[in-house]
Amino acid sequence: KARFDIKKKQITCTEMEYITVADSRIYPDSNKIVIEKKARIRTLEKSRIVSNYITKYHEIKGATTDIKGKNDYKSSGYYQYKDELGKTQEVFFAKIEPDTAYRSYAKGDIKETAEFKLSPHFDYYGQVEMFAAQKELLFTGVTRIKHRCDDITKNWMHFSAPLDPENIMIPVTDDLRD
């Protein structure tokens, strides 16, 4: 349904389940959007993004989204990272948008103070990237093994790799550094 308000010069659309933009589906919080002058869609608060809409690998919740056109949007929101035991942790993606090939991409940072865990066995902090066509997130940062051995130090090690949260395999190279 759509209603045109001639005084405000805007169209209010209700019962909008989703809007397809680039390779994603953007779900307005209230199933409602407002289109203002010059075809500008009002910023969507608390929207949900599914990327890509075919594989549905990734879901962003609580997103603030500006739709610029059929292949362009800018957003930020929360990704629910679920580890091998089903424990969920939130990752905030400050930047979510399509790349030049109209594939959605997201980037965020996890601070050391967040006490983020890749799994019950690995702590992590650093950068996280989401590519809509890839199931795994790309982690570029530092990790350490969680253990209870007092005689072994808990050193952080750098790595960069896509990780499957149900089977964490940290790549270890010859030039390993703290």
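What do you reckon, is residue 79 over 19 Å from residue 49 (Cα atoms) and part of a strand (DSSP E or B)?
Details: over 19 Å from residue 49 (Cα atoms): no; part of a strand (DSSP E or B): yes.
No: the conditions fail for residue 79.
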Which residue, of 56, 107, is within 20 Å of residue 134 (Cβ to Cβ), open to solvent by 70 Å² or more (accessible area, probe 1.4 Å) and free of Cβ contacts under 8 Å to residues at least 12 places away in the same chain? 56
Candidates 6, 11, 60, filtered to the one that is at pLDDT 95 or above, of a type in the set (Val, Ile, Thr) and out of contact with any Cys (no Cβ under 7 Å at 6 or more places or on another chain): 60
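For segment 10-17, does any single residue satisfy the condition of being of a type in the set (D, E, K, R) and open to solvent by 60 Å² or more (accessible area, probe 1.4 Å)?
Narrowing segment 10-17 to residues of a type in the set (D, E, K, R): 15, 17.
Cutting the leftovers down to open to solvent by 60 Å² or more (accessible area, probe 1.4 Å) gives us 15, 17.
So far as segment 10-17 goes, yes, one or more of its residues are of a type in the set (D, E, K, R) and open to solvent by 60 Å² or more (accessible area, probe 1.4 Å).
Pull up segment 120-143, narrow it to residues that are more than 19 Å from residue 104 (Cβ to Cβ) and not small (Gly, Ala, Ser), then point me to the one that is most open to solvent (accessible area, probe 1.4 Å).
Residues of segment 120-143 more than 19 Å from residue 104 (Cβ to Cβ): 120-126, 141-143.
Filter again for not small (Gly, Ala, Ser), leaving 120-125, 142-143.
Details: 120: 47, 121: 97, 122: 37, 123: 21, 124: 3, 125: 66, 142: 9, 143: 0 Å².
Only one residue fits best here, namely 121.
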Give the residues of segment 15-41 that are in contact (Cβ under 8 Å) with a residue 24 or more places away in the chain and either more than 30 Å from residue 164 (Cα to Cα) or not in a loop (DSSP other than H, G, I, E, B) (or both), sorted by residue number. 19, 20, 21, 24, 25, 26, 34, 35, 36, 37, 41
Is it the case that residue 78 is without any contact (Cβ under 8 Å) to a residue 24 or more places away in the chain and either open to solvent by less than 90 Å² (accessible area, probe 1.4 Å) or not aromatic (Phe, Trp, Tyr) (or both)? yes
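The values are calculated or read from the model by the stated rules, or taken from the named source; none is laboratory data. On a predicted model such as this, the values are computed, not experimentally measured, just so you know. Don't worry about glycine lacking a Cβ; one is built from the backbone with ideal geometry, like all the others, and counts go over all protein chains shown. Surface accessibility is based on the protein's heavy atoms, side chains included, excluding ligands, DNA and RNA. Shrake-Rupley method; radii C 1.70, N 1.55, O 1.52, S 1.80 Å.
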